[in-house]
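Read the structure below first, then the notes.
The values are calculated or read from the model by the stated rules, or taken from the named source; none is laboratory data. Keep in mind that this is a model prediction, so the values were computed, not measured. Don't worry about glycine lacking a Cβ; one is built from the backbone with ideal geometry, like all the others, and counts go over all protein chains shown.
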Amino acid sequence: MTINITGTGSALPEKVVTNFDLEKLVETSDEWIQKRTGIAERRISGGETVSTLAADACSRALEMAGKTADEVDLILVATCSPELLLPCCACQVQDLIGASNAVAFDLNAACSGFLFALNTAYVYLQTGIYKNALVVGSEVLSKLVDWSDRGTCILFGDGAGAAFVEASGEEIIRSNGRRAGMECMVQGSDGAKGMVLSCGERAVNNAFTPKRQMESSYIHMDGQEVYKFATKQVPACIQKALDRADLAVEDVDWFMLHQANVRIIESVAKRLKADIARFPMNIHKAGNMSSATIPVLLDEWNRSGGIKEGDRLVLSGFGAGLTYGASILVW
Ligand code: UT7
């Protein structure tokens, strides 16, 4: 059996917010942001929602895969910023694209969400429960950001990316001799460090509890702790995945990393002793879109002709939870 991505799609809000725009909101500078993060601009919602962005990304992925919405078996949306608590975003997407035969649910692993959803879809397909899945990362983080906190508001952007994943009965061998499809996945979580990157929701406040104040509902982050975690865990889990698949760094064509900070990506490349040219990036124009960063990057790199059949990709991310993961696949 081969389980592979046969279509990708992405959608970004129209509004571009540059570092110069942020200089008007908080005490910061384009120079500081570019030097410390690599970000020059990001897209911010002017009304687009997590579900509308996700639906647009899904439609594009389906079009590339040559499938219609009614052929979709499973929709998994990774998001930490849904517009509704109920119903879940995946059911909204199902309705928006008309995928009436699909089973749909959300999954939250923050910035690792797309990877975790991809791995979940893989297991459903591998066991034969479903034949295909739309795997989505979609976020409108701009509503969770404290726009007076310069430590976080400079980092995040809004957007959505999707991948259509299909199982096929036969083995597909590419012209370079590699077997197409998912090869290996590694996931990890460290709940004990959860509060270094958090965002409050509703406090326990029911008919039987003394009335409590609502907790802050904005993102709080200890940037340096997250930075340390990422630069240690990401290369370690990529190495673990490579070891499991009996592969070396040189066997990988593209490292598609979560786009949180250029310095983190450079540090991962250095630790793996891999050429930075094999780490495609879009952080300079999109910022950190949490679960959407990897699928948006994948779609942009795919549509620009960057990925050829037979290329081996490592997808790797980290984020709130704390969570992290790496998946290896041959296109
Ligand atoms: O998806 C996962 C999400 N999160 C991450 O990946 C975050 C990982 N962490 C980071 O990317 C970095 O820690 C940041 C970009 C958030 C911060 O960069 P840093 O190099 O760790 O800066 P810092 O927090 O050590 O701050 C250095 C200085 C401080 O001033 P003092 O105390 O040295 O005077 C900060 O107050 O820079 C100051 N600073 C800023 N200055 C201008 C912090 N934010 C800003 C800002 N503009 N936006």
Item to complete: Those residues that are farther than 21 Å from S290 by Cβ and of a type in the set (D, E, K, R), I need them from the range 18-42; list them, please.
Response: E23, K24, E27, D30, E31, K35
Worksheet, complete the sentence: Residue pairs qualifying under the 9 Å Cβ cut-off, at least six apart or on distinct chains, with the first in the range 187-213 being of a type in the set (D, E) and the second being not in a loop (DSSP other than H, G, I, E, B), are D190/F229; D190/Q233; D190/T323; D190/Y324
Worksheet item: Between a first residue in the range 10-22 that is among the basic types (K, R) and a second residue that is not in a strand (DSSP E or B), which pairs have beta carbons less than 6 Å apart while being 6 or more apart in sequence or on different chains?
Response: K15/I44; K15/G46
Discussion item. Could you tell me how many of the residues in the range 257-307 are within 12 Å of the ligand (Cβ to nearest atom), of a type outside the set (A, V, I, L, M) and within 13 Å of the chain's Cα centre (by Cα)?
Written reply: 7
Practice prompt. Among the residues of the range 67-97, count how many are touching a residue at least 60 places away in the same chain (Cβ under 8 Å) and under 23 Å from N4 (Cβ atoms).
Written response: 9
Worksheet item: What residue, among those in the range 144-155 that are within 8 Å of the ligand (Cβ to nearest atom) and either among the β-branched types (V, I, T) or outside any loop (DSSP other than H, G, I, E, B) (or both), is surrounded by the fewest Cβ atoms within 10 Å (Cβ to Cβ)?
Response: T152
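Run down A69, A54 and say which single residue is out of contact with any Asp or Glu (no Cβ under 9 Å at 6 or more places or on another chain), closer than 24 Å to E14 by Cα and more than 16 Å from the ligand (Cβ to nearest atom).
On the way: A69 fails: closer than 24 Å to E14 by Cα.
Testing whether each residue is out of contact with any Asp or Glu (no Cβ under 9 Å at 6 or more places or on another chain), closer than 24 Å to E14 by Cα and more than 16 Å from the ligand (Cβ to nearest atom) leaves just A54.
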Worksheet item: Can you name the number of the only condition in (1) of a type in the set (G, A, S); (2) more than 15 Å from G9 (Cα to Cα); (3) touching a Cys at 6+ places or on another chain (Cβ under 7 Å) that S291 fails?
Response: (2)
Item to complete: For the range 90-110, name all the residues that are in contact with a strand residue (DSSP E or B) (Cβ under 8 Å, 6 or more places away or on another chain) and within 23 Å of S290 (Cα to Cα).
Response: A90, C91, V93, Q94, A104, F105, D106, L107, N108, A109, A110
Item to complete: From the list G38, G46, G9, pick out the single residue that is of a type outside the set (V, I, T), over 16 Å from the mean Cα position of the chain (by Cα) and more than 16 Å from the ligand (Cβ to nearest atom).
Response: G46
Worksheet item: Does the range 88-96 contain at least one residue that is modelled with pLDDT of 95 or more, assigned to a helix (DSSP H, G or I) and more than 20 Å from the chain's Cα centre (by Cα)?
Response: yes
